[in-house]
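The values are calculated or read from the model by the stated rules, or taken from the named source; none is laboratory data. Every value quoted in this text rests on a predicted model; they were computed, and no experiment measured them. Glycine also receives a Cβ, built like all others from the backbone with ideal geometry; neighbour counts cover every protein chain displayed. For the accessible areas, the whole protein counts, side chains as well, though only heavy atoms, and no ligand, DNA or RNA atoms are used. Shrake-Rupley method; radii C 1.70, N 1.55, O 1.52, S 1.80 Å.
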Amino acid sequence: MGQIKAQASSLCLAKGICLQLETGANLGTLKADKLLLERAIMNVISNALDHSPPQGTIYVTVQKTDCFLHISITDEGGGFTPEALHHAQEQFFMGDKSRTSNMHFGMGLYITSSIIKQHGGQLVLSNSKKTGGAQVTIKIPY
């Protein structure tokens, strides 16, 4: 998580976005593919950055509950549309039709979901009651 915090902090600083990282106590260690898991988490953080308003905040919480590691990333953007909540983990889905740059292919959450499934976990999409923005929770068995 230290390496992810460093990467996310740099990206947030460059875009003028605040990062709040909250890590629960006694997380221990997780047996996982470090590079793949890091890529999955950074995909979600990158999406949160893309959808955050100027001077917004991205909230990352990490906690262990019921034999699962929960990593939740929440932004203050417009949140997921009902269509995106249903289809965002599908290959090539792009909820924001205005994102036609060569850098977006509708693969980010699909790849993230695939990585999390490889670890026996689940990717949960929702809208935050606190911020109104998108909330992506990664659940991995501990």
Checklist entry - Which of (1) over 16 Å from Lys139 (Cα atoms); (2) of a type outside the set (S, T, N, Q); (3) open to solvent by 60 Å² or more (accessible area, probe 1.4 Å); (4) at pLDDT below 90 does Asp66 not meet, given it meets every other one? => result (1)
Item to check | Residue check, Gly79 crowded, with 16+ Cβ neighbours inside 10 Å, of a type outside the set (A, V, I, L, M, F, W, C) and either under 23 Å from Met107 (Cα atoms) or in contact with a Pro (Cβ under 9 Å, 6 or more places away or on another chain) (or both) | outcome: yes
Item to check | Single condition Gly79 does not satisfy, out of (1) at pLDDT 95 or above; (2) within 16 Å of Gly132 (Cβ to Cβ); (3) of a type outside the set (A, V, I, L, M, F, W, C) | outcome: (1)
Checklist entry - Since Val60 meets every condition but one in (1) modelled with pLDDT of 95 or more; (2) within 19 Å of Ser114 (Cα to Cα); (3) not small (Gly, Ala, Ser), which condition does it not meet? => result (2)
Item to check | Qualifying residues in segment 1-41 (those that are aliphatic (A, V, I, L, M), out of contact with any Gly (no Cβ under 7 Å at 6 or more places or on another chain) and outside any helix (DSSP H, G or I)) - the one surrounded by the most Cβ atoms within 10 Å (Cβ to Cβ) | outcome: Ala32
